Amino acid sequence: MVDIFEILTESAEKAKKKHREELLAPLGVKEFFVEGSVSIDKRTCKGVECKLCIKACPTNALFWRAGDVGIIEDLCVYCGACVLSCIVDNCIRVERKRADGVVEIFSKPKDFTLLQHGISARRRRDGILDIYRHPKKYLKLDK
């Protein structure tokens, strides 16, 4: 049995992905996080005073509009630069999904830094384990 809603949903997702790729291509930014969301708490945002998140955004997904910071979701790659540059904790909230299915949520520069440090530490550990787990591979590197 064919589920028409599933077909329509898949078609819409493919069209959205293609549109995003077309928008991001001229910017030269590689899209690491396909799925995600970004939100700004308008009550705590000091946008008019700083606009640091707008300056930090590599894809220009954040912009200044009549009295607050706007978001163009199709341009956002959920990199976290806006959270790192924000002067107010819990003002900008980023939720993103990695290729392996892991969901990351952060809204403070400290949380983002700890998350990135953990990822880097895991990559370093995995690289070392990969070399030492295979002695023949290690010995070949030595020559």
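Each reported figure results from applying straightforward, stated rules to the coordinates on display, with no laboratory input. The structure presented is a predicted model; accordingly, all values stated were derived computationally and were not measured. Please note: Cβ atoms are built from the backbone with ideal geometry, for glycine as well, and neighbour counts cover all protein chains shown.
Before moving on, here are some points about what is shown:
- Exactly one residue among 49, 21 is over 17 Å from residue 80 (Cβ atoms) and within 16 Å of the chain's Cα centre (by Cα), and that residue is 21.
- Among the numbered conditions (1) within 11 Å of the chain's Cα centre (by Cα); (2) part of a helix (DSSP H, G or I), the only one that residue 119 does not meet is (1).
- Looking across region 19-68, the residues that are assigned to a helix (DSSP H, G or I) and within 18 Å of residue 97 (Cα to Cα) come down to 20, 21.
- Within region 55-99, considering residues that are of a type in the set (D, E, K, R) and under 14 Å from the mean Cα position of the chain (by Cα), the one surrounded by the most Cβ atoms within 10 Å (Cβ to Cβ): 96
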